[in-house]
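The values are calculated or read from the model by the stated rules, or taken from the named source; none is laboratory data. Keep in mind the model is a prediction, meaning the values are calculated, not measured. Reconstructed Cβ throughout: ideal geometry from the backbone, glycine too, with neighbour counts over all protein chains shown. Note: areas computed on protein heavy atoms with side chains; ligands, DNA, RNA excluded. Shrake-Rupley method; radii C 1.70, N 1.55, O 1.52, S 1.80 Å.
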Amino acid sequence: TQLLEQSPQFLSIQEGENLTVYCNSSSVFSSLQWYRQEPGEGPVLLVTVVTGGEVKKLKRLTFQFGDARKDSSLHITAAQPGDTGLYLCAGAGTGGFKTIFGAGTRLFVKA
Amino acid sequence: GAVVSQHPSWVICKSGTSVKIECRSLDFQATTMFWYRQFPKQSLMLMATSNEGSKATYEQGVEKDKFLINHASLTLSTLTVTSAHPEDSSFYICSASSSASEQYFGPGTRLTVT
């Protein structure tokens, strides 16, 4: 059974601070997605990483895919209250396995 | 691009009645659609995977006779909650995919069964 462990589960920080969210697995993924979800809405795709070691940047967000394609991280620089939400990682397995989701990281950025 | 809509966005129904939720991919053809359930402050729980023109594949523990899924076209899938009970109250989210990796999510449907 594939598992995707996401940490931390909850994070409350002050505006301007930096943070990193991690997703780890013992399984190899063909790709990994990061989503952000606000209350009462569906998740919105932020990025897809495909290549081992890949780094993608989206404004203040930096996404990295591990060299072995088993883990990924999301780093937010100078967090803002608008970054508040639930961040989900999702891995698409190799060999036809379906996408699995991490448990999510609930981020709260205080002004 | 890659817009997915859901209807209704919220619904209140009485116990014992059935409720149908629609999921549409508006600007792309979705070979696969997924239905999720989400409890407050929790991650997504996959209920079933449906491919256009074939029967849905349900996850373990999900009653297929209670949660009827139809994927009649490449742009439309429906989830019908039959004989709803208060414990079925939840946030239901669909997603659509045209590739092996990325899924695009609908805005969700909040179901309340009284």
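Things to note:
- Radius of gyration and maximum dimension Dmax of chain B, Cα, Å: 13.1, 39
- For chain B, the solvent-accessible area with a 1.4 angstrom probe is 49 square angstrom per residue.
- When the other protein chains are added to the chain by itself, burial of at least 10 square angstrom of heavy-atom accessible area (probe 1.4 Å, ligands and nucleic acids ignored) affects these residues of the stretch A:1-35: A:Ser31, A:Gln33, A:Tyr35.
- Shielding value for B:43-53 is 3, the average number of Cβ atoms from other chains within 10 Å of each residue's Cβ.
- Taking chain A as a Gaussian network of alpha-carbon nodes connected by springs under 10 Å, the highest mean-square fluctuation of the residues A:Ser30, A:Ser12, A:Ser73 belongs to A:Ser12.
- Among the trypsin sites (Lys or Arg not before Pro) in the stretch A:1-90, those placed in a DSSP loop whose Cβ has at most 14 other Cβ atoms within 10 Å are A:Lys59, A:Arg60.
- Extension gain from B:Asn51 to B:Thr80, taking 0.36 nm per residue of separation minus the Cα-Cα distance: 8.8 nm
- Probe 1.4 Å, all protein chains present, accessible-area order of B:Arg110, A:Arg106, largest first: B:Arg110, A:Arg106
- Of the trypsin sites (Lys or Arg not before Pro) found in the stretch B:32-62, the ones in coil according to DSSP and having at most 11 other Cβ atoms within 10 Å of their Cβ are B:Lys41.
- For chain A, built as a Gaussian network whose Cα springs stay under 10 Å, the top-fluctuating residue of A:Gly85, A:Gly66, A:Gly40: A:Gly40
- Accessible surface ranking that places the most exposed of B:Leu44, A:Leu46 first, with a 1.4 angstrom probe: A:Leu46, B:Leu44
- For the stretch A:5-100, the fraction of 1.4 Å probe accessible surface lying on carbon and sulfur atoms is 49 percent.
- Percent of beta bridges antiparallel (DSSP, chain B, rounded to nearest 5): 90 percent
- Rounded to the nearest 20 debye, the dipole magnitude of the protein assembly as shown is 120 debye, with +1 charges on Lys and Arg beta carbons, -1 on Asp and Glu beta carbons, and the Cα centre as origin.
- Listed residues B:Ala56, B:Ala72, B:Ala48, most fluctuating in chain B (Gaussian network, C-alpha, under 10 Å): B:Ala72
- In this structure chain A gives 48 Å² per residue of accessible area when probed at 1.4 Å with all protein chains present.
- The stretch B:6-61: proportion of alpha-carbon pairs further apart than 12 angstrom, %: 76 percent
- Value of D in µm² per second that Stokes-Einstein yields for the protein assembly as shown, Kirkwood Rh from Cα pairs, at 25 °C (0.890 mPa s): 136 µm²/s
- Carbon/sulfur fraction of accessible area - chain B, other protein chains in place, 1.4 Å, %: 52 percent
- Solvent accessible area, Å² - A:Asp71, 1.4 Å probe, full protein context: 60 Å²
- Straightening the chain between B:Cys13 and B:Thr114 buys 35.7 nm, computed as 0.36 nm per residue apart minus the Cα-Cα spacing.
- Of all DSSP beta bridges in chain A, antiparallel share, percent nearest 5: 90 percent
- In the A-B interface, the accessible area buried, summed over both sides, Å² (probe 1.4 Å): 1400 Å²
- For the set A:Lys98/B:Lys55; A:Lys70/A:Lys98; A:Lys70/A:Lys110, the pairs lying more than 22 angstrom apart at their alpha carbons are A:Lys70/A:Lys110.
- Farthest toward positive dipole pole in the protein assembly as shown [+1 Lys/Arg, -1 Asp/Glu at C-beta], among A:Leu46, B:Ala48, B:Thr75: B:Thr75
- Rolled with a 1.4 Å probe across the full set of protein chains, the surface gives A:Thr84 an accessible area near 40 Å².
- Charge dipole (debye, nearest 20) of the stretch B:1-108; +1 at Cβ of Lys and Arg, -1 at Cβ of Asp and Glu: 180 debye
- Solvent-accessible area lost in complex, 40 Å² minimum, residues of the stretch B:70-114 relative to chain alone, 1.4 Å: B:Ser101, B:Glu102, B:Gln103, B:Phe105
- Cβ-defined net charge surrounding B:Thr112, 11 Å radius [Lys, Arg +1; Asp, Glu -1]: +1
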